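Accompanying notes for the structure given below.
The values are calculated or read from the model by the stated rules, or taken from the named source; none is laboratory data. Only a predicted model underlies this, so the values are computations on that prediction, with no experimental measurement involved. Cβ placement follows ideal geometry from the backbone for every residue including glycine, while neighbour counts extend to all protein chains displayed. Each accessible area value is taken on the protein alone, full model and side chains, heavy atoms only, with ligands, DNA and RNA left out. Shrake-Rupley method; radii C 1.70, N 1.55, O 1.52, S 1.80 Å.
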Amino acid sequence: MDLFERLDTKPILMPADVPPSRAGLNVRCVINPGAFVYQRRIGLLLRVCEQPPQEKDWFITAVRDAEQPNGIRVVRFHKDDPAVRPRDPRVFVHNGTAYLTTLSHLRLAWSGDGRHFKVDPTPTFEGQGPYETYGVEDCRVTRLEGTFQLTYTSVSNMAVAVGRASTPDFKQFDRHGLMFPPENKDCAIFPAKCNNEYVAIHRPSGSGFGGHFMWISASPDLQAWGSHRCIATTRTGTWDSERVGVNGPPIATPRGWLVLYHGADRRSHYALGALLLDGEQPWRVLARSVDPIMTPQLEFEKRGFFPNVVFSNGHIVNGDEITIYYGAADEYIGAARGSIGAIMKSLAD
Ligand code: MAN
């Protein structure tokens, strides 16, 4: 089952559409954009994944290093080195230290029609400090009280954690440090307060006990978070058996908060589903998709840097119509349109 109609059979953005951040790096993937409306234009905050030119028989990647003149350091290990082993196309490990094969930053792209985007020539938001030496990824954008709240993955050799920043205009950014400690990612803040508190969904990772589940937390000031509750676990034997995580910000509907989310199965195939949360007590789950509402179908969703992935962390809602922007096969960005009513109906069936 697939409730989303693709705007195109091809990606709306590909690596070749994005100029690299600096000499010595190439854009390998452009994926997982946050989405928002600002001054009547649709904005995307793209995740741009870069790497140095690759050579046969070598693992070659880049990490941020403030002491280098261009801000990055190239790391290379020969594939015959017994201390190095690949984990998957995204990660390799050297002597117990994990490295990403690409270094990500966030980049703005703007559109008048939601389909044709113009990508800014330079990075908008790059990793900074010790917790972002492997970059910043997968930004959710929530408009809240006239400001935009950005929640994204901060990655380093120390941890994967949730960073938060805010901006009034996508020019000036205030960095608020880590919002949730490791291991945690896939965080979206609600677009309005509930019970006079800010609310966020996030995805801590339990090792040994629990797993990659979705949690909800509340805060009086967006800085201190508490009242933690688990709202969705993985489900054995299904399309979301291994990992779940929120898409873009929850959507207010007359029946409660509609939350779109991604699920991964044992083959690491990524699909999308939905949850309906109580409007006043958002930790109460009223309904959850049994079957996915969007799965990899098109060629560019099934084949790429990491195959069989549709992953979204940004959408635009216009009445009943929802346009989701999504990472496809961890290499491209696609756009697809659906109906909120149809998703709600699928939850009731
Ligand atoms: C996983 C994948 C990668 C990502 C890292 C760190 O390996 O989601 O795309 O870079 O986690 O967040």
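Looking only at segment 152-166, decide whether some residue is in contact with an Asp or Glu (Cβ under 9 Å, 6 or more places away or on another chain), away from the ligand (no atom under 12 Å from the Cβ) and modelled with pLDDT of 95 or more.
yes
Just the residues that are under 25 Å from Arg28 (Cα atoms), in contact with a Phe, Trp or Tyr (Cβ under 6 Å, 6 or more places away or on another chain) and not aliphatic (A, V, I, L, M), please, taken from segment 266-310.
Within segment 266-310, Tyr270, Phe300 meet the criteria.
Kindly provide the set of residues from segment 53-108 that are small (Gly, Ala, Ser) and either within 16 Å of the ligand (Cβ to nearest atom) or surrounded by 14 or more Cβ atoms within 10 Å (Cβ to Cβ) (or both), ordered by number.
Ala62, Gly71, Ala98, Ser104
Pairs needed: first member in segment 77-95, farther than 17 Å from Asp330 by Cα; second member anywhere, open to solvent by 100 Å² or more (accessible area, probe 1.4 Å) and part of a loop (DSSP other than H, G, I, E, B); C-beta distance under 7 Å; at least 6 residues apart or different chains.
Ala83/Asn95
Could you tell me whether Asn195 is open to solvent by 10 Å² or more (accessible area, probe 1.4 Å), under 29 Å from Trp58 (Cα atoms) and not hydroxyl-bearing (Ser, Thr, Tyr)?
It is false that Asn195 is open to solvent by 10 Å² or more (accessible area, probe 1.4 Å), under 29 Å from Trp58 (Cα atoms) and not hydroxyl-bearing (Ser, Thr, Tyr).
From the list Val37, Val27, which one is open to solvent by 10 Å² or more (accessible area, probe 1.4 Å), more than 21 Å from Phe92 (Cα to Cα) and among the aliphatic types (A, V, I, L, M)?
Details: Val27 fails: more than 21 Å from Phe92 (Cα to Cα).
One residue alone meets the criteria, Val37.
Taking segment 153-163, which residues are touching a residue at least 40 places away in the same chain (Cβ under 8 Å) and touching a Leu at 6+ places or on another chain (Cβ under 7 Å)?
Once the filter is applied, which keeps residues that are touching a residue at least 40 places away in the same chain (Cβ under 8 Å) and touching a Leu at 6+ places or on another chain (Cβ under 7 Å), segment 153-163 yields Val155, Val162.
How many of the residues in segment 157-181 are in contact with a helix residue (DSSP H, G or I) (Cβ under 9 Å, 6 or more places away or on another chain), farther than 16 Å from Ala218 by Cα and open to solvent by 10 Å² or more (accessible area, probe 1.4 Å)?
3
Hey, can you tell me all the residues within segment 131-145 that are away from the ligand (no atom under 16 Å from the Cβ) and either assigned to a strand (DSSP E or B) or within 16 Å of Glu183 (Cβ to Cβ) (or both)?
Once the filter is applied, which keeps residues that are away from the ligand (no atom under 16 Å from the Cβ) and either assigned to a strand (DSSP E or B) or within 16 Å of Glu183 (Cβ to Cβ) (or both), segment 131-145 yields Val141, Thr142, Arg143, Leu144.
If a residue counts only when it is closer than 25 Å to Arg164 by Cα and in contact with a helix residue (DSSP H, G or I) (Cβ under 7 Å, 6 or more places away or on another chain), which strands (runs of 3 or more DSSP E) contained entirely in segment 1-82 have at least 1 such residues?
Of the strands (runs of 3 or more DSSP E) lying wholly inside segment 1-82, those with at least 1 residues that are closer than 25 Å to Arg164 by Cα and in contact with a helix residue (DSSP H, G or I) (Cβ under 7 Å, 6 or more places away or on another chain) span 26-38, 58-64.
Give the residues of segment 230-270 that are crowded, with 18+ Cβ neighbours inside 10 Å, in a loop (DSSP other than H, G, I, E, B) and hydroxyl-bearing (Ser, Thr, Tyr), sorted by residue number.
Within segment 230-270, just Thr234 meets the criteria.
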